[in-house]
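Visitor: Quick one: the structure is below, questions incoming.
The values are calculated or read from the model by the stated rules, or taken from the named source; none is laboratory data. Since this is a predicted model, take the numbers as computed values, not measurements. Here the Cβ positions follow ideal geometry from the backbone for every residue, glycine too, while neighbour counts run over all protein chains shown.
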Ligand SMILES: Nc1nc2c(c(=O)[nH]1)N[C@H]1C(S)=C(S)[C@@H](COP(=O)(O)OP(=O)(O)OC[C@H]3O[C@@H](n4cnc5c(=O)[nH]c(N)nc54)[C@H](O)[C@@H]3O)O[C@H]1N2
Ligand SMILES: Nc1nc2c(c(=O)[nH]1)N[C@H]1C(S)=C(S)[C@@H](COP(=O)(O)OP(=O)(O)OC[C@H]3O[C@@H](n4cnc5c(=O)[nH]c(N)nc54)[C@H](O)[C@@H]3O)O[C@H]1N2
Ligand code: SF4
Ligand SMILES: [Mo]
């Protein structure tokens, strides 16, 4: 049998963006391997990656466009043709337009399902339409990004592979053994040279297990721990470059006014651990801080990020000895840059709504209420922090369309559901938000059933609109996926290398060159010129919590958020039906493995089966994202001020109690 090989790129919202080699026989995707030419993942994939044939041929894949029959959410569907689907969309869009001579009441919300460049197709489609409503910001990592930009002007940049050169690697709130598995290679390379890995996390994670030193911190108290370390460093005279930094003295003054006993109590850290961390930051070699996303899922997330970052800035003149890893600032924004160059700018009358408050803002519009909503690359009824508001919005909005690979919790409430292709069935282009590799994705197989890519869908709707009302859409509907890719590559080639072409990428991914960035450092609170950023976090008293437990629901190995339900079960990984509790909690509440509990707070309740896990601290309930009864039912948006500072969500600030209901 003849086997054909193509290069694909994993489009999931994952640090790696692995390039992969697909093996296709008789039009069937038989096997997927890692691409040895992808210099970051170096020929390896995670288990989800190797499992892609199962994902592609899953019987859960949507096959045809379907429209709702009966009540919303009743689960009854009627198969329709694409032509009918496009006509329905075009009619709804034009009806909305005709009511106010504008598309302002039309909204779309797309996020992280597929992070390839071509998955901005809907951004393109709507930008060409004119005024409309769209979601903006970054609910995932926006807080830390903004915090670092406030403090440093731009996010520090160090190549992912260079982590191998550290003497100490201190990971604050990231779990790369689960979320960024290829990075572990570079960490272990450093350890082989004698480096030490220190992990700071409330949970004894897989990464903590691989570490030389694990420091258990109380959830949400990283800013306090970093303040304690800084205090030690000031006392022992290990702080450098004092006078150079705007607001340094403010920071130190604020630090003096905070009780260290109070901070110690908050963090739950031993003296020994504190001394050890202060000694690490005082070390004259290369001390790497990795600021993960765990500690920014709190309302004090920005302060935690700035405070941890301050330790690196203030302990060494030579910044190459204090690398701070957060994300790849060169390429994280590349999508926006490309959109700015290739698409018309968002029109003045368009409404941009923060992802964080999307449902609420749309519900509150006093004029031009949303009457058409398109959700794609997103599953808000599982993943958002405001499920109740989302449910309300979905109930109220006159027309909801969802494009996805599967009938998700969100799609189940739509009026129209459109099946999209997997990345093996379309072209795309990818750059990672962590490493510097650019790679191509070519179709390996034909689109399954009647699925279409986001680009093809954008073209189809535009054509249908123009058939009904010639000239109403100026979207360049004749452009193919390859045409768009050529344009994007030409942009990169201009800045990177003439040798960069589609054909060169067919031979393997290319490492993009970083460009220089400015260094400007300020420790001043972005909202108050005369205060350091310590101000918010420490000088306000925190009310006593109503519920005993923190809800932690970080990422899990075999899933990307609500995506993937593989047949392989990893021993020890929580299922969506379970809650992980500590041995201490089990004792206090007389709970046993397998007991059924209800977990509740004033936002909602979920049912779970108890699993006693040593790794969990006493004040934490550990849960997985996704599933039939999502943990997000218990999560409420804590971010009252609709400010840019707090783009990320405060998932882990939420608390709950539990009650036994069956055994
Ligand atoms: N409780 C809790 N909730 C969380 C988090 C947490 O830590 N705890 N983490 C948050 C974080 S960090 C993130 S990034 C968000 C992620 O939130 P979402 O972006 O909503 O993530 P997914 O669940 O992956 O949903 C993406 C959807 O896109 C679909 N999709 C995949 N490929 C394509 C495509 O090519 N086209 C289209 N149209 N659709 C596609 C998938 O099938 C899936 O249904 O979740 C957040 N939610
Ligand atoms: N397998 C897999 N990989 C993924 C994803 C996935 O869903 N599955 N999602 C991708 C996405 S969108 C993202 S955003 C990244 C996120 O990847 P990471 O940066 O690893 O972030 P999280 O998994 O959200 O949380 C990391 C750790 O923070 C810890 N933590 C919680 N609260 C605190 C705290 O107060 N202080 C400290 N120090 N630690 C705390 C959690 O226990 C957890 O172990 O992963 C990406 N990679
Ligand atoms: S999920 Fe991440 S690690 Fe796994 S194949 Fe995709 S990009 Fe690579
Ligand atoms: Mo994320």
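Visitor: If a residue must be within 16 Å of ligand 3 (Cβ to nearest atom) and either part of a helix (DSSP H, G or I) or within 18 Å of residue 198 (Cα to Cα) (or both), how many such residues does region 306-339 contain?
Guide: Selection size over region 306-339: 2.
Visitor: Just to be sure I understand, how many residues within region 594-607 are assigned to a strand (DSSP E or B) and either out of contact with any strand residue (DSSP E or B) (no Cβ under 7 Å at 6 or more places or on another chain) or touching a residue at least 40 places away in the same chain (Cβ under 8 Å) (or both)?
Guide: Residues in region 594-607 being assigned to a strand (DSSP E or B) and either out of contact with any strand residue (DSSP E or B) (no Cβ under 7 Å at 6 or more places or on another chain) or touching a residue at least 40 places away in the same chain (Cβ under 8 Å) (or both): 6 in total.
Visitor: Within region 10-19, which residues are closer than 14 Å to residue 508 by Cβ and either surrounded by fewer than 22 Cβ atoms within 10 Å (Cβ to Cβ) or more than 8 Å from ligand 3 (Cβ to nearest atom) (or both)?
Guide: Hit for region 10-19 is 19, nothing else.
Visitor: Continuing with this model, one more query. Residue by residue through region 123-153, note down the ones that are more than 20 Å from the chain's Cα centre (by Cα) and more than 16 Å from ligand 1 (Cβ to nearest atom).
Guide: Result: 127, 128, 129, 130, 131, 132, 133, 150, 151, 152, 153.
Visitor: On the basis of being touching a residue at least 24 places away in the same chain (Cβ under 8 Å), more than 29 Å from residue 541 (Cα to Cα), away from ligand 3 (no atom under 16 Å from the Cβ) and crowded, with 20+ Cβ neighbours inside 10 Å, does residue 197 make the cut?
Guide: Against the criterion (touching a residue at least 24 places away in the same chain (Cβ under 8 Å), more than 29 Å from residue 541 (Cα to Cα), away from ligand 3 (no atom under 16 Å from the Cβ) and crowded, with 20+ Cβ neighbours inside 10 Å), residue 197 qualifies.
Visitor: Failed condition for residue 351, given (1) at pLDDT below 95; (2) away from ligand 4 (no atom under 16 Å from the Cβ), with all others met?
Guide: That leaves (1) as the condition not met.
Visitor: Go through region 540-561 residue by residue and tally those that are part of a loop (DSSP other than H, G, I, E, B), buried (at least 21 other Cβ atoms within 10 Å of the Cβ) and either within 14 Å of ligand 3 (Cβ to nearest atom) or modelled with pLDDT of 95 or more (or both).
Guide: Total satisfying the criteria: 2.
Visitor: Would you point out which residue out of 229, 252, 291 is closer than 21 Å to residue 538 by Cα and within 16 Å of ligand 1 (Cβ to nearest atom)?
Guide: On inspection, the qualifying residue turns out to be 291.
Visitor: Please go through region 35-53 and pick out each residue that is buried (at least 16 other Cβ atoms within 10 Å of the Cβ) and within 16 Å of ligand 2 (Cβ to nearest atom).
Guide: 40, 41, 44, 45, 46, 48, 49, 50, 51, 52
Visitor: Wholly within region 398-509, which helices (runs of 4 or more DSSP H) include no fewer than the required count, namely at least 3 residues that are within 14 Å of ligand 1 (Cβ to nearest atom) and closer than 20 Å to residue 92 by Cβ?
Guide: 454-468
Visitor: Here is a follow-up. If a residue must be at pLDDT below 85, more than 16 Å from ligand 2 (Cβ to nearest atom) and over 13 Å from residue 384 (Cβ atoms), how many such residues does region 633-663 contain?
Guide: Total meeting the criteria: 6.
Visitor: Does residue 629 count as part of a loop (DSSP other than H, G, I, E, B) and either touching a helix residue (DSSP H, G or I) at 6+ places or on another chain (Cβ under 8 Å) or over 30 Å from residue 115 (Cα atoms) (or both)?
Guide: no
Visitor: Does region 26-43 contain any residue that is within 16 Å of ligand 4 (Cβ to nearest atom) and farther than 18 Å from residue 505 by Cβ?
Guide: No, that holds for no residue.
Visitor: Okay, next question. Among the residues of region 288-305, write down those that are within 16 Å of ligand 4 (Cβ to nearest atom) and either in contact with a helix residue (DSSP H, G or I) (Cβ under 7 Å, 6 or more places away or on another chain) or farther than 17 Å from residue 198 by Cβ (or both).
Guide: Answer for region 288-305, where residues must be within 16 Å of ligand 4 (Cβ to nearest atom) and either in contact with a helix residue (DSSP H, G or I) (Cβ under 7 Å, 6 or more places away or on another chain) or farther than 17 Å from residue 198 by Cβ (or both): 291, 293, 295, 296, 297, 298, 301, 305.
Visitor: Among the listed residues 42, 104, which satisfies the condition of being touching a helix residue (DSSP H, G or I) at 6+ places or on another chain (Cβ under 9 Å), modelled with pLDDT of 95 or more and closer than 28 Å to residue 567 by Cβ?
Guide: 42
Visitor: Inside region 4-25, can you point out the residues that are within 21 Å of the chain's Cα centre (by Cα) and away from ligand 2 (no atom under 16 Å from the Cβ)?
Guide: Across region 4-25, the qualifying residue is only 19.
Visitor: Is it the case that region 44-63 has a residue that's within 16 Å of ligand 3 (Cβ to nearest atom), within 16 Å of residue 445 (Cα to Cα) and out of contact with any strand residue (DSSP E or B) (no Cβ under 9 Å at 6 or more places or on another chain)?
Guide: yes
Visitor: Would a scan of region 219-226 turn up a residue that is surrounded by fewer than 21 Cβ atoms within 10 Å (Cβ to Cβ) and away from ligand 1 (no atom under 16 Å from the Cβ)?
Guide: Looking for residues that are surrounded by fewer than 21 Cβ atoms within 10 Å (Cβ to Cβ) and away from ligand 1 (no atom under 16 Å from the Cβ), one finds none in region 219-226, hence no.
Visitor: Could you tell me whether residue 565 is within 16 Å of ligand 1 (Cβ to nearest atom), over 21 Å from residue 205 (Cβ atoms), in contact (Cβ under 8 Å) with a residue 12 or more places away in the chain and assigned to a loop (DSSP other than H, G, I, E, B)?
Guide: For residue 565, the condition - within 16 Å of ligand 1 (Cβ to nearest atom), over 21 Å from residue 205 (Cβ atoms), in contact (Cβ under 8 Å) with a residue 12 or more places away in the chain and assigned to a loop (DSSP other than H, G, I, E, B) - is met.
Visitor: Still on this structure, please answer the following. Does residue 2 fit the bill of being more than 15 Å from ligand 1 (Cβ to nearest atom), modelled with pLDDT under 95 and under 27 Å from residue 503 (Cα atoms)?
Guide: Here the answer is yes, as residue 2 does meet what is asked.
Visitor: Only one of (1) without any contact (Cβ under 8 Å) to a residue 60 or more places away in the chain; (2) more than 16 Å from ligand 3 (Cβ to nearest atom); (3) assigned to a loop (DSSP other than H, G, I, E, B) fails for residue 573. Which number is that?
Guide: Of everything listed in (1) without any contact (Cβ under 8 Å) to a residue 60 or more places away in the chain; (2) more than 16 Å from ligand 3 (Cβ to nearest atom); (3) assigned to a loop (DSSP other than H, G, I, E, B), residue 573 misses just condition (2).
Visitor: Related question: Based on this model, can you work out whether residue 143 counts as over 16 Å from residue 335 (Cα atoms), buried (at least 24 other Cβ atoms within 10 Å of the Cβ) and away from ligand 4 (no atom under 16 Å from the Cβ)?
Guide: no
Visitor: Could you grab me the full set of residues in region 528-538 that are assigned to a loop (DSSP other than H, G, I, E, B) and over 26 Å from the mean Cα position of the chain (by Cα)?
Guide: 528, 529, 530, 531
Visitor: Condition first: more than 20 Å from the chain's Cα centre (by Cα) and either in a helix (DSSP H, G or I) or within 16 Å of ligand 2 (Cβ to nearest atom) (or both). Now tell me which residues in region 384-397 satisfy that.
Guide: Those that are more than 20 Å from the chain's Cα centre (by Cα) and either in a helix (DSSP H, G or I) or within 16 Å of ligand 2 (Cβ to nearest atom) (or both): 388, 389, 391, 392, 393, 394, 395, 396.
Visitor: Can I ask one more? Can you tell me which of (1) farther than 22 Å from residue 562 by Cβ; (2) in contact with a strand residue (DSSP E or B) (Cβ under 7 Å, 6 or more places away or on another chain); (3) crowded, with 18+ Cβ neighbours inside 10 Å is the one residue 585 doesn't meet?
Guide: (2)
Visitor: While we're here: Report whether or not residue 68 is surrounded by fewer than 21 Cβ atoms within 10 Å (Cβ to Cβ) and more than 16 Å from ligand 1 (Cβ to nearest atom).
Guide: Yes: the conditions hold for residue 68.
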